[in-house]
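Chemist: Below is one structure. I have some questions about it.
The values are calculated or read from the model by the stated rules, or taken from the named source; none is laboratory data. Bear in mind the structure is a predicted one, so any value in this text is a computation, not a measurement. Using ideal geometry, Cβ is built from the backbone for each residue, glycine included, and neighbour counts are taken over all protein chains shown.
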Amino acid sequence: MLTPLRRLRLRALLFLLCLLAGPAAVAQQSPAYVVAIDGAGPYWALLSEHLDIVRRQDDTGLTEAEIVRRVGVTPRQIRDLLATEGFFSVDVRHALDRSTTPWTARFELSLGPPAIVESAEIRFQGAIAEGPAADPERMRRLRREWLLVPGEVFQQEQWTAAKNALLRDLLVLDFPAATIADSQARIDPAAASATLMVEIDSGPAFRFGELEIDGLERYSPAIIERANPIRPGERYSQQRLNELQERIQQTGYFRSAFATVEIDPAHAERAPIRVDVNELLRRQLALGGGISSDTGLRVQVRWLDRNFLERDWRLESELRLDRETRLGAADLFLRPFENGWQPSVYAHLARTTSAGETNDTIRTGARLTSPNRRDERAWTVALLADRQRVGDILANNRQALIGSFIYTRRRMENPLNPRRGYIASVELGVGPRGLVNEDNIARLLVRANAIYPIRENLRFFTRAQVGQVFGGSRLTVPGDLLFRTGGDQTVRGYGFQTLGVPVGGAVVAGNVMAVVSAELVYMFLPNWGGAVFMDAGNAADRWGDLRLARGTGVGVRWSSPLGQINADLAYGHETREPRFHFSIGYGF
């Protein structure tokens, strides 16, 4: 056992050894260095991002010889990087300054003039240039649309983008086997010029063949065949493949669908269309819930049968309960027609209580919807009946039989989290006087919503709605055809459906309605933003009685995986009270 005196001596010896080893350890450490580049101008960021001597200057264990080697190879790397920006006569002077601490690797650049595109020759071979599929006008158009034109600075990124754009034009229509057969960029550093040549081999012109479906177990191939807009012998188009894929996914039977064509020149005249699908379960029970400032807590039960009565019919039924509504609904989607139009029938039974008014409503009808979601058209025939109560007094029973046409135009970049685009729709309905209708009635509703990016992190959102019922009155026309407004997605600062016609201490729907909204959103983080907004709207019996109720406020926006989540604090100028609103998504 060590005595205290011996332990003290041992510690002193260890301390002395550390002192002796310290200078030696420091001497063995790598000499540090910094990099100084003069004359790079706007290309400093490019060089600092890609030069090894900059990216690896924090490496440990470097010898002096390794630092000297890095300094020596850097001028070549600088020239290579600047050549991608069009500079082919760069003069680089370099030195390693050991008089500074840390050492300094110095580089002085003289860029010289950039290379200017002198000419660009575009050549074509293959079916686009000769034979029955030859298309001289298309070749002329592609030459006119060439991106890197004479007079511009030659840059590698633009050179690559121009070739890809030229090739892509052929790949997406008629020539999916097209390739770049040859491409040359001849650079003359002395003259600071670039001569370009690209030769495209289009390959054969492709036409679509028959469907080949993979992944079906539960459902009939006829579901996909009826959704297919492509006819055998039709010219190849990537857009048509995308349309086929979208229509299959919209049938409601599949989790995913992918439509492709095997690019085999040997079968170009009749290229089979391969469709790979991932099926959804035939029967599905879904329980859900939610909460909003408009309708409070919501409980929902949905039942789906995607092969109802073994006929490829899709039954979607729902029970929903919230503060305002008790709803039971069933929609039955029948087999689409050969042209893709989807017939369906539906029946909805609901009780709604809002702003002192209670409506017991029955709505049943039939619908025919076009397969094109971008320009969707729908024809409907509906029978509506309701019993209206205002307070504890039975007001009246109302019914209507009405046929409608709805056109919806969608140009939205991303339906879940839109950043650009618009959705607009117009709905026109008519119902003649007769067995059901007490009067001739017509109904017009126009809606438009748009998002405009002002800058990368600044967006402008606007919304407008206008509607009118012609003929009849709110005493004879069912409430589902009339108009009320107010709430999270219409006029903020007011309760849900509380803007309309005051009757006996309640608010009921009127014959006319108008809503406008403007909102500015600033995204201060990638998924978080702040908003300022102004809403105005109301409903009335006549346009002369309409007085727009205004609401203004501020809010927070979060681009969540579920969509845009909105939390708003709005001031209702008519009530002179603030109101909190919470919603998901935009009111499209």
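Chemist: Look at the range 343-361 and say how many of its residues are among the hydrophobic types (A, V, I, L, M, F, W, C), part of a strand (DSSP E or B) and surrounded by 17 or more Cβ atoms within 10 Å (Cβ to Cβ).
Modeler: The qualifying residues number 1.
Chemist: Any idea which of (1) hydrophobic (A, V, I, L, M, F, W, C); (2) under 30 Å from A133 (Cβ atoms); (3) touching a Lys or Arg at 6+ places or on another chain (Cβ under 8 Å) is the one V275 doesn't satisfy?
Modeler: (3)
Chemist: Give the residues of the range 532-562 that are more than 16 Å from G467 (Cβ to Cβ), among the charged types (D, E, K, R) and surrounded by 13 or more Cβ atoms within 10 Å (Cβ to Cβ), sorted by residue number.
Modeler: D535, R550, R557
Chemist: A follow-up question, please. Say whether the condition of being charged (D, E, K, R) and exposed (fewer than 13 other Cβ atoms within 10 Å of the Cβ) is met by at least one residue in the range 147-154.
Modeler: no
Chemist: Same structure, new question: Condition (residue is free of Cβ contacts under 8 Å to residues at least 60 places away in the same chain, surrounded by 22 or more Cβ atoms within 10 Å (Cβ to Cβ), in the same structural domain as R579 (by TED's automatic domain parsing) and not aliphatic (A, V, I, L, M)) applied to the range 491-502: is it met by at least one residue?
Modeler: Scanning the range 491-502 turns up no residue that is free of Cβ contacts under 8 Å to residues at least 60 places away in the same chain, surrounded by 22 or more Cβ atoms within 10 Å (Cβ to Cβ), in the same structural domain as R579 (by TED's automatic domain parsing) and not aliphatic (A, V, I, L, M).
Chemist: Here's another thing I want to ask about it. L435 versus (1) over 19 Å from S559 (Cβ atoms); (2) without any contact (Cβ under 8 Å) to a residue 40 or more places away in the chain; (3) part of a strand (DSSP E or B); (4) aliphatic (A, V, I, L, M): which is the lone unmet condition?
Modeler: (3)
Chemist: How many residues, within the range 460-490, are of a type in the set (A, V, I, L, M), at pLDDT 95 or above and either over 28 Å from G296 (Cα atoms) or within 26 Å of the chain's Cα centre (by Cα) (or both)?
Modeler: 2
Matching residues to (1) in the same structural domain as D439 (by TED's automatic domain parsing); (2) charged (D, E, K, R); (3) farther than 27 Å from L428 by Cα; (4) in a loop (DSSP other than H, G, I, E, B):
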{"site": "R459", "(1), (2), (3), (4)": "yes, yes, yes, no"}
{"site": "R474", "(1), (2), (3), (4)": "yes, yes, no, yes"}
{"site": "Q489", "(1), (2), (3), (4)": "yes, no, no, yes"}
{"site": "E519", "(1), (2), (3), (4)": "yes, yes, yes, no"}
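Chemist: List the residue pairs whose Cβ atoms are under 6 Å apart, where the first residue sits in the range 337-365 and is over 16 Å from L383 (Cα atoms), the second is assigned to a strand (DSSP E or B) and of a type in the set (G, A, S), and the two are 6 or more positions apart or on different chains.
Modeler: Close Cβ pairs (under 6 Å, with a partner that is assigned to a strand (DSSP E or B) and of a type in the set (G, A, S)) amount to A355/A506; G356/A506; E357/A506.
Chemist: Go through the range 148-168 and report how many residues are without any contact (Cβ under 8 Å) to a residue 12 or more places away in the chain and either within 16 Å of R138 (Cα to Cα) or in a loop (DSSP other than H, G, I, E, B) (or both).
Modeler: 1
Chemist: Step by step: first the residues of the range 304-341, then only those that are aromatic (F, W, Y) and under 29 Å from the mean Cα position of the chain (by Cα), then the one that is nearest to F580 (Cα to Cα). Which residue is that?
Modeler: Once the filter is applied, the top-ranked residue is F333.
Chemist: I'd like to know if the range 325-335 contains one or more residues that are of a type outside the set (V, I, T), touching a strand residue (DSSP E or B) at 6+ places or on another chain (Cβ under 8 Å), modelled with pLDDT under 95 and in a loop (DSSP other than H, G, I, E, B).
Modeler: Looking through the range 325-335, at least one residue is of a type outside the set (V, I, T), touching a strand residue (DSSP E or B) at 6+ places or on another chain (Cβ under 8 Å), modelled with pLDDT under 95 and in a loop (DSSP other than H, G, I, E, B).
Chemist: All but one of (1) outside any loop (DSSP other than H, G, I, E, B); (2) under 29 Å from P453 (Cα atoms) hold for V507, so report the exception by its number.
Modeler: (2)
Chemist: Among the candidates A178, A165, A185, which residue alone is among the small types (G, A, S) and either over 29 Å from A257 (Cα atoms) or over 30 Å from the mean Cα position of the chain (by Cα) (or both)?
Modeler: Within the list A178, A165, A185, the selection yields A185.
Chemist: Inspect all residues belonging to the range 362-373 and state whether any of them is part of a strand (DSSP E or B) and under 21 Å from A539 (Cα atoms).
Modeler: Checking the range 362-373: not a single residue is part of a strand (DSSP E or B) and under 21 Å from A539 (Cα atoms).
Each row is one residue, and each column tells you yes or no for (1) on the phi > 0 side of the Ramachandran plot; (2) touching a residue at least 12 places away in the same chain (Cβ under 8 Å); (3) not assigned by TED's automatic domain parsing to the domain that holds P132; (4) not in a strand (DSSP E or B).
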{"residue": "I263", "(1), (2), (3), (4)": "no, yes, yes, yes"}
{"residue": "Q284", "(1), (2), (3), (4)": "no, yes, yes, no"}
{"residue": "G289", "(1), (2), (3), (4)": "no, no, yes, no"}
{"residue": "V301", "(1), (2), (3), (4)": "no, yes, yes, no"}
{"residue": "L304", "(1), (2), (3), (4)": "no, yes, yes, no"}
{"residue": "R323", "(1), (2), (3), (4)": "no, yes, yes, yes"}
